[in-house]
Amino acid sequence: MWTLAIIVAGLAVVFWLRRSRRAFALRVTNGAVTVVGGWLPGPMLADYRSALRAVSSGSVEGHFEEGGLRVTASGGLDEHVEQRLRNIARLYPLAAFRASTRAERRALKATAGLAVASAVSALAKRSE
C-alpha cells in the first residue's frame, strides 16, 4: 500500500517539475492552433499558426532548458514542419518568455490583491 502511495507521489512530483519548465503547449486541429497551456509571444504564435496551417492534427510543446527553448511535436507533423517550428523558436529570445511570465504573475497578484481589498471593504461597509 505504501509503495503505491510513494510511486504515485513520485510521479506527481515529476509531472509537476515537468510542467513548471513548460513554456507553452499548442494543439492543432484541422489547421487551427489553440494554446492549451503556458504562454508564447504573439508574433511567435502567428508564425506557428502560419507553419501549422496545413497540418490536420497534432500537438507542440516548448520547454525551458539550460541552453534555450526545446520544441517537441507529436501527432500528424512531419519532420520538415518540426524543424520549421524549432527554427521559429530560435528567433525569439528566452528573455521574452521570462519577462512576460513575470509581468503576468505580478499583474495577477495585483489584480487578486485589489479583488480581496474590495471584498473586505464591501464586507466592512455591509456590517456597519
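The values are calculated or read from the model by the stated rules, or taken from the named source; none is laboratory data. Source: prediction; values computed, not measured. Ideal geometry is used to build each Cβ from the backbone, glycine not excepted, and the neighbour counts take in all protein chains shown.
Output the number of residues of segment 76-85 satisfying the condition of being among the charged types (D, E, K, R) and exposed (fewer than 15 other Cβ atoms within 10 Å of the Cβ).
Number satisfying all stated conditions: 2.
Looking at GLU65, GLU61, GLU104, can you tell me which residue is of a type in the set (Asp, Glu) and modelled with pLDDT under 80?
Selected residue: GLU104, the only one of GLU65, GLU61, GLU104 that is of a type in the set (Asp, Glu) and modelled with pLDDT under 80.
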